[in-house]
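Working notes for the structure below.
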Amino acid sequence: MSLTRRRFLRGLADMAGVAAAADLGLLAWAAPASVDAGMPRMAMPQLAAPKVALVNPVTLARFVDPLPIPPLARATGQREHPAYPGKKLPMYRMEMRAFSARLHRDLPPTPLWGYGGAFPGPTLEAMRNEPILVEWVNSLPERHFLPIDHTIHGAERSKPEVRTVAHVHGARAPAGSDGYPEDWFAPGHSAVYHYPNAQDAATLWYHDHAMGITRLNIYAGLFGAFIVRDAEEQALGLPSGDCDLPLILCDRLIAKDGQLYYPVSDDPAAPWVSECNGNAILCNGKLYPFAEVEPRRYRLRLVNAANTRFFNLSLSSGQPFQQIASDQGLLPAPLPRERIELYPAERADVVVDFSGLDGKTLQLRHQSEAILEFRVRDRGRRDAGALPATLRAVNRIDPSTAVRDRLLTLGEQDDAGGRPMMMMLGGKHWSAPITEDPRQDSVETWSLLNVTGDVHPIHLHLVRFQVIERRPFDLFAWNANKTLKYTGPAQIPPAHEMGWKDTVRADPGMVTRIIMRFEGEPGRYVWHCHLLEHEDNEMMRPFQLLPASAKT
Ligand code: C2O
Ligand code: CU
Ligand code: CU
């Protein structure tokens with residue numbers, strides 16, 4: 001049953017792609033032919049045909065807009081905070097506003113929501129162990145412009161339509177500043193969060209996390225980069241300054257009048273769909289931009305900010321990227337990689353060497369499609385030297401130090417209480433009592449058992465983790481009597497997954513095992529699938545970090 005629906009949903013995703021490639025001007029949307037007759041209709045959210053004509057990006061001129069580089073956020077002043085007695089901390093103000101921007105020269109302006117009135121929002125930067133304060137201000141309109149599903153938990157009609165709460169993805173932030181999904185606030189309200197930045201240099205990103213509408217708020221434009229730097233990384237002489245750029249990727253569907261289109265089901269009372277794949281791939285908020293670069297090395301901080309899509313990136317010149325960091329910072333050594341796959345919320349910092357390419361152009365590709373063009377022009381500046389052979393040691397956490405292994409299913413449930421399909425973690429709803437309750441500073445392993453036909457990128461707040469292994473298991477034995485039977489040897493992750501992570505690809509039919517030390521402040525956090533449609537529809541659970549026990 002599960003497989004049938006999966007195939008069905010895959011069909012929808014493929015259709016969007018096919019329509020784009022077929023140069024139709026708008027997406028062809030049709031009911032798929034093969035739906036298992038034995039399956040209850042209500043179990044499947046059927047994708048409705050858009051009532052508006054959509055832009056087919058293939059018809060647009062390529063590489064006519066410069067790649068936007070989000071400006072650095074500037075502190076508005078200094079302030080004291082009770083968590084840091086006697087200290088004055090830089091204070092930032094991030095105001096969420098409605099605005100319009102052209103996603104491409106030849107498209108009408110698109111109404112968007114953004115931090116600082118920009119998409120992506122300004123880049124926040126901090127040094128390790130130098131805390132900052134951020135006031136997140138909701139100055140958005142009272143009405144949402146994307147289709148809310150009020151049957152989803154947390155998005156009921158009794159709640160304000162527009163709600164936001166900001167989360168810094170990958171930050172070791174105290175619970176009260178982590179952006180708990182139920183800590184949302186309505187327009188006209190704000191919250192001051194503090195970020196200790198007691199963590200290694202890494203490319204983090206901030207985004208909305210409001211219960212039940214995160215997918216819509218992020219789709220509307222509410223995200224930006226958050227970069228943590230540290231002295232150790234700075235001593236490595238990696239490309240810096242204007243040669244160190246965030247490159248945030250996402251996909252959207254755009255109507256011909258410029259409006260964003262978010263797909264809906266054919267049930268107006270329950271518009272949620274399980275996937276949202278756009279056909280327009282945006283780099284820092286632009287469709288098919290170009291970037292002028294000099295013949296030297298650049299550091300690109302790749303962030304996948306898409307709702308559902310994974311990116312498969314390569315350079316048209318065939319030269320490899322040198323990957324230097326993953327989600328939570330530097331890898332032990334640069335890794336040459338011809339292709340980089342990024343699932344939603346994953347990051348990869350790469351160094352691209354344009355030296356010797358003066359006067360040439362090359363493109364960044366997603367699969368076979370060029371999405372960004374680099375134009376190499378010599379302006380007389382020279383490179384900062386060679387890439388170091390080693391970056392930062394990543395000490396493996398010894399699994400024998402784990403006090404606990406938690407077996408957690410990534411599953412889905414049809415027709416749960418009259419609702420169509422929903423996704424679940426550990427077989428539990430968001431609102432069920434907390435079951436994951438690690439102790440502060442303890443080490444645990446979590447075995448993520450994917451019983452669906454899809455990849456789910458699983459993210460834990462607060463902590464960084466390491467991937468131990470992926471191992472195939474017998475799904476039929478599991479379904480029959482909940483016994484875990486492995487069907488093959490454990491697969492050790494590839495080198496690019498041997499660094500610190502905060503989001504991991506959990507493959508179908510596999511147990512993905514991760515290990516982490518629960519450092520941070522006790523309190524309530526969340527873990528979830530980062531496919532935003534899943535996250536919004538129950539594939540998210542709270543976890544409680546308990547204070548360290550008094551050791552005897
Ligand atoms: Cu990217 Cu719960 O977050
Ligand atoms: Cu997060
Ligand atoms: Cu998922």
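For this structure, a couple of remarks:
- Of residues in the stretch 134-188 being β-branched (Val, Ile, Thr) and more than 25 Å from Glu521 (Cβ to Cβ), the one most open to solvent (accessible area, probe 1.4 Å): Thr151
- Residue selected from the stretch 503-518 under the condition open to solvent by 10 Å² or more (accessible area, probe 1.4 Å) and in a strand (DSSP E or B), by the criterion farthest from ligand 2 (Cβ to nearest atom): Met510
- Counted residues, the stretch 467-502 - those being part of a helix (DSSP H, G or I) and surrounded by 15 or more Cβ atoms within 10 Å (Cβ to Cβ): 4
Matching residues to (1) aliphatic (A, V, I, L, M); (2) within 22 Å of Thr401 (Cα to Cα):
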residue	(1), (2)
Met423	yes, no
Ile434	yes, no
Pro438	no, yes
Thr452	no, no
Leu462	yes, yes
Leu475	yes, no
Gly488	no, no
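- Tallying residues that are buried (at least 20 other Cβ atoms within 10 Å of the Cβ) and either assigned to a strand (DSSP E or B) or more than 15 Å from ligand 2 (Cβ to nearest atom) (or both) within the stretch 519-540 yields 9.
- Qualifying residue in the stretch 346-366 (condition: under 28 Å from the mean Cα position of the chain (by Cα), part of a loop (DSSP other than H, G, I, E, B), within 16 Å of ligand 1 (Cβ to nearest atom) and closer than 21 Å to Asn284 by Cβ): yes
- Residue ID - farthest from ligand 1 (Cβ to nearest atom), chosen from residues in the stretch 541-552 that are in a strand (DSSP E or B) and not aromatic (Phe, Trp, Tyr): Leu546
- Of the residues Val192, Val162, the single one that is within 25 Å of Asn304 (Cα to Cα) and of a type in the set (Val, Ile, Thr) is Val162.
The values are calculated or read from the model by the stated rules, or taken from the named source; none is laboratory data. Predicted, not measured: the structure shown is a model, and the values here were computed from it. Using ideal geometry, Cβ is built from the backbone for each residue, glycine included, and neighbour counts are taken over all protein chains shown. Quick note on the areas: whole protein, heavy atoms, side chains included, nothing else; ligands and nucleic acids left out. Shrake-Rupley method; radii C 1.70, N 1.55, O 1.52, S 1.80 Å.
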